[in-house]
Amino acid sequence: MSTTSDLFGLTGRTALITGASRGIGRAIALGYAGAGADIALLARSTTALEELAGEIEGLGRRALVLTCDVTDRDQLRHSIVSTITEFGQIDILVNNAGGFSHAGPFVDLQPQDWSEVMQLNFETVVFLCRELGRHFLKRGSGSVLNISSIAGTAGVPMLSTYAAAKAAIVSLTRSLAAEWSSHGVRVNALTPGWISTELTKTFASDPEASAGLLSAVPAGRWGEPEDVVGAAIFLAGDSARLISGTCLTIDGATTAYAGGPAMLQFLGLGRIPA
Ligand code: NDP
């Protein structure tokens, strides 16, 4: 019989995490190391990865720094080979690297804008799922955690490229879960809401924009990267051994809030009563 620490720990596991240099990826890397895993850290910022590796080693775990642009297939292949050489195997893949560099009306978007966003947010995920999928299927075990977004489950005006890429991740997660479950390989996704990171700092640092945005978040606050960590550990570990194809939302009830603040105005209530 499994103990609670077996169920919620990751001792003896190895995880490869993309976009580990800051924000959500960094928090998951520290969380996984705290739960007992060794981690391969991928991103372009070597110094930030080296600093994180030092923190992980301070927790008594091993960390491998892999400076890598995840849109470059050769660099990704090299990172996978280095991780397997160093750790012997990979048990958990976290597809976290992503983001958007511009927003704007759909009719003004150029093919290049679509391909850039799809390349980083979706095609990289497809590539890593294929390369590591082969590794997991051969071993008869493995866990993939894809970081999507509430933008992938609801529409987002002015951000159609990113929302479409994140929706594609949700769909891929479900298809691979169905295809691989009988082989012992699980695939799940997280759909975070507004989390305070470099990606969102333009909104978070503008008091008016931030207040407007938080009016649609029943929890009334920005998420922190650490708010994502517990769910990421849970889905990667044995307590979720029969869970595959799930998209777990971490958004302070944002997507559960039908109508948003406009609904309260309609009901004649300025804000949610205590
Ligand atoms: P950050 O911008 O803080 O971090 C993004 C990470 O991705 C960094 O480590 C960055 O590292 C890495 N990265 C970006 N491009 C590349 C690339 N070409 N090659 C390698 N690494 C790359 O973003 P968040 O932590 O906020 O976002 C993490 C994930 O969570 C993303 O997929 C995002 O879409 C998703 N998400 C975020 C939400 C939020 O509100 N913050 C909400 C929902 C989902 P480096 O620059 O060093 O390469």
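Coordinate-derived values only; no laboratory data. Here the structure is a predicted model, which is why all the values come from computation and not from measurement. Every residue, glycine as well, gets a Cβ built from its backbone with ideal geometry; the counts of neighbours run over all protein chains shown.
Cβ contacts < 7 Å: first residue farther than 10 Å from residue 160 by Cα, restricted to region 102-114; second residue in a helix (DSSP H, G or I), any location; separation 6+ or different chain. Result?
Here the result reads 102/113; 113/161, each pair linking region 102-114 to a residue that is in a helix (DSSP H, G or I).
Among the residues of region 197-220, is there at least one that is within 30 Å of residue 5 (Cα to Cα) and either over 15 Å from the mean Cα position of the chain (by Cα) or among the acidic types (Asp, Glu) (or both)?
Yes, there is a match, as at least one residue in region 197-220 is within 30 Å of residue 5 (Cα to Cα) and either over 15 Å from the mean Cα position of the chain (by Cα) or among the acidic types (Asp, Glu) (or both).
Test residue 229 against the criterion of being of a type in the set (Val, Ile, Thr), in contact (Cβ under 8 Å) with a residue 24 or more places away in the chain, part of a helix (DSSP H, G or I) and crowded, with 17+ Cβ neighbours inside 10 Å, and give yes or no.
In short, yes.
Does residue 228 count as within 16 Å of the ligand (Cβ to nearest atom), of a type in the set (A, V, I, L, M, F, W, C) and farther than 24 Å from residue 106 by Cα?
Yes, satisfied.
For region 63-118, which residues satisfy the criterion of being surrounded by fewer than 19 Cβ atoms within 10 Å (Cβ to Cβ), small (Gly, Ala, Ser) and under 20 Å from the mean Cα position of the chain (by Cα)?
Selection gives 99, 101.
In region 173-203, which residues are part of a helix (DSSP H, G or I), aliphatic (A, V, I, L, M) and within 27 Å of residue 224 (Cβ to Cβ)?
Let us first name the residues in region 173-203 that are part of a helix (DSSP H, G or I), namely 173-183, 198-203.
Still in the running and aliphatic (A, V, I, L, M): 176-178, 199.
Correct list: 199 only.
Of all residues in region 45-62, which are surrounded by 15 or more Cβ atoms within 10 Å (Cβ to Cβ), more than 9 Å from the ligand (Cβ to nearest atom) and of a type in the set (Gly, Ala, Ser)?
The answer is 53, and nothing else.
Residue-by-condition table, conditions (1) over 25 Å from residue 203 (Cβ atoms); (2) in contact with a Lys or Arg (Cβ under 6 Å, 6 or more places away or on another chain); (3) away from the ligand (no atom under 11 Å from the Cβ):
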{"site": "97", "(1), (2), (3)": "no, no, no"}
{"site": "101", "(1), (2), (3)": "no, no, no"}
{"site": "117", "(1), (2), (3)": "no, no, no"}
{"site": "129", "(1), (2), (3)": "yes, no, yes"}
{"site": "141", "(1), (2), (3)": "yes, no, yes"}
{"site": "155", "(1), (2), (3)": "no, no, yes"}
{"site": "166", "(1), (2), (3)": "no, no, no"}
